[in-house]
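**Q** Before I ask anything, let me first share the structure, which is written out below as structure tokens.
None of the figures in this text is laboratory data; all of them are computed from the coordinates on show. Since we're looking at a predicted model, the values are computed, not measured. Virtual Cβ from ideal backbone geometry, glycine too; neighbours counted across all protein chains shown.
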Amino acid sequence: MFMLLSTLCHGLAFGHTGAVMDSIDVVQPPGSSRLGIETSVGYIRQQESGFFEWNCHEAVTQTDALITPRYTESSDGIILVTLGDMSQARHPEESMYRSVDSCNWMPPSGLTGQQVSDVEFNPNDASTALAITANESGPNFLFRSTDAGLTWTQASLEVHNRIFRTIQYAPGPDGSIWISAVRYDTEEAWIYHSVDGGLTWVENALEVQSAGGLDVFVDVLIADNADIDTAWVVMGPWLDDRLLQTTDGGQTFAEVYTPGGDIIDGGQDDEGGLWLVTTGNKVIYSETGEFFFRVDTAPPSLGIEVSGEHVWLATRIPSEGSALSMSSDGVSFESIDAFDMLDGPPDCIAETHSAALCDPLWAELRDSIAGTLDTADPVAEEPTASPDSAHQQGCCTGDAKRANVGLLALMILALCRRAHHPSQGLT
């Protein structure tokens, strides 16, 4: 059971059209005002009209998969999807899929047999993207694409007996990129930093605080907007995270915040303020990165996207009734019912993946949204939807055995989604 839950915590969840509806993360392409929302029942994308289209997870997974895919978009609207378990992907040797129109979802060339753990588009060049792998055996690689994710080739960075976890572009024009890697059995971790767009890398070992036999995860959470040598990293086993900061390119790290649980997601605003989502669906803010406090006016959330003057939250649907909220002042939050603005699947011809796999499922989801089909578990709508105690936070600690699958699903979504992507958190 522990291994099952550990796997679920790192890229898997109960994500299907008939799942308990919940919002997981907000995706905003670089330089775009358009939003995407990762949810337990699919990926919904905002259109020019302001309404949203629905893309079912089943377009890239096996029909009986438990996995929740992770989505990222370029400024040109190219979508890349990664899956944390290839055995549950539509093609069992392919962990990444690509779409230019939301109709066809095809594996790109060059990644067959590679378990991709993270992928990012260059925020300054939509044609360039980087992907890293977490293969259980053999070496792991950094891959580069120069055609918006259509084809991939191995870059110079390669590691043995360790896996890559997260990759993060800094938003500025200087080409600063950060990657984390770990070796669980020896409790070791490394941070890789590039200031030339990923052509060359500097490796620095990061001292790991032992967790008594539990796996210690190290994820790059935020790359500083202005300083190419500053970044924030999350380290910890489940329910015992620490936020670390480096100001010298990864040579040294200092602990700046301990939430007493997990740091699920994070972002940085234009003024340099840090925003976090932590255990219990809490939103945390720090103006300077020194003192952190809870934003009491923010609704319970699982994911966060900070862009310009706006803070976007993936709001807990079971407790709040909407998938998205927005703030332009960091204090007041406006609820946005994205599902109420959902038009349905994209308009695709019959031979496409969306038409063949998503269209037949739309009626079920539409009825669920309208309230004619009850998919929620009554127990899951109790306070366990936003747990605060270690006993309720049972994922990956051995006490998460639950007879009710609906409750377990919400626990995994709420507790085991781990950012990576501040826009694409590990689900």
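**Q** Among 33-39, 150-156, what's the highest-first ranking by average C-beta atoms within 10 angstrom per residue?
**A** On the way: 33-39: 22.0, 150-156: 15.3.
Going by the mean number of other Cβ atoms within 10 Å, highest first, we get 33-39, 150-156.
**Q** Would you pull out the residues with amide H under 5 Å of residue 39's amide H, same chain only if 5 or more places away, H placed 1.01 Å from N?
**A** 24, 44
**Q** Among 352, 288, 133, 247, which comes first, then next, by fewest other beta-carbon atoms within 10 Å?
**A** Ranking 352, 288, 133, 247 by Cβ neighbours within 10 Å, fewest first, gives 288, 247, 352, 133.
**Q** Among 97, 285, which comes first, then next, by fewest other beta-carbon atoms within 10 Å? Don't jump to the answer; show the numbers that get you there.
**A** On the way: 97 25, 285 18.
With the sparsest Cβ surroundings first, the list reads 285, 97.
**Q** Ranked highest first by average number of other Cβ atoms within 10 Å, how do 161-172, 180-191, 52-63 line up?
**A** Most protected by this proxy first, the peptides run 52-63, 161-172, 180-191.
**Q** Peptides 210-216, 266-272, 78-84: what's the order by average Cβ count within 10 Å, highest mean first?
**A** Descending mean neighbour count gives 78-84, 266-272, 210-216.
**Q** Put a dot 7 Å past each Cα toward the Cβ at residue 293 and residue 91; how far apart are the dots in nm?
**A** Those two pseudo-labels are separated by 5.3 nm.
**Q** Please give the FRET efficiency for residue 362 paired with residue 33, using the beta carbon to beta carbon distance and R0 = 30 Å, rounded to the nearest 0.05.
**A** The value I calculate is 0.65.
**Q** May I pose another question? Determine, for 143, 51, the number of other Cβ atoms within 10 Å of each Cβ, and report the residues in order from fewest to most.
**A** Fewest-to-most Cβ neighbours within 10 Å comes out as 51, 143.
**Q** Which whole-Hz couplings ³J(HN,Hα) result when phi for each residue of region 346-360 is put into the Karplus expression 6.51 cos²θ - 1.76 cosθ + 1.60, θ = phi - 60°, listed in order with x for Gly and Pro?
**A** Result, ordered by residue: x, 7, 10, 6, 4, 7, 7, 4, 4, 5, 6, 9, 9, 3, x Hz.
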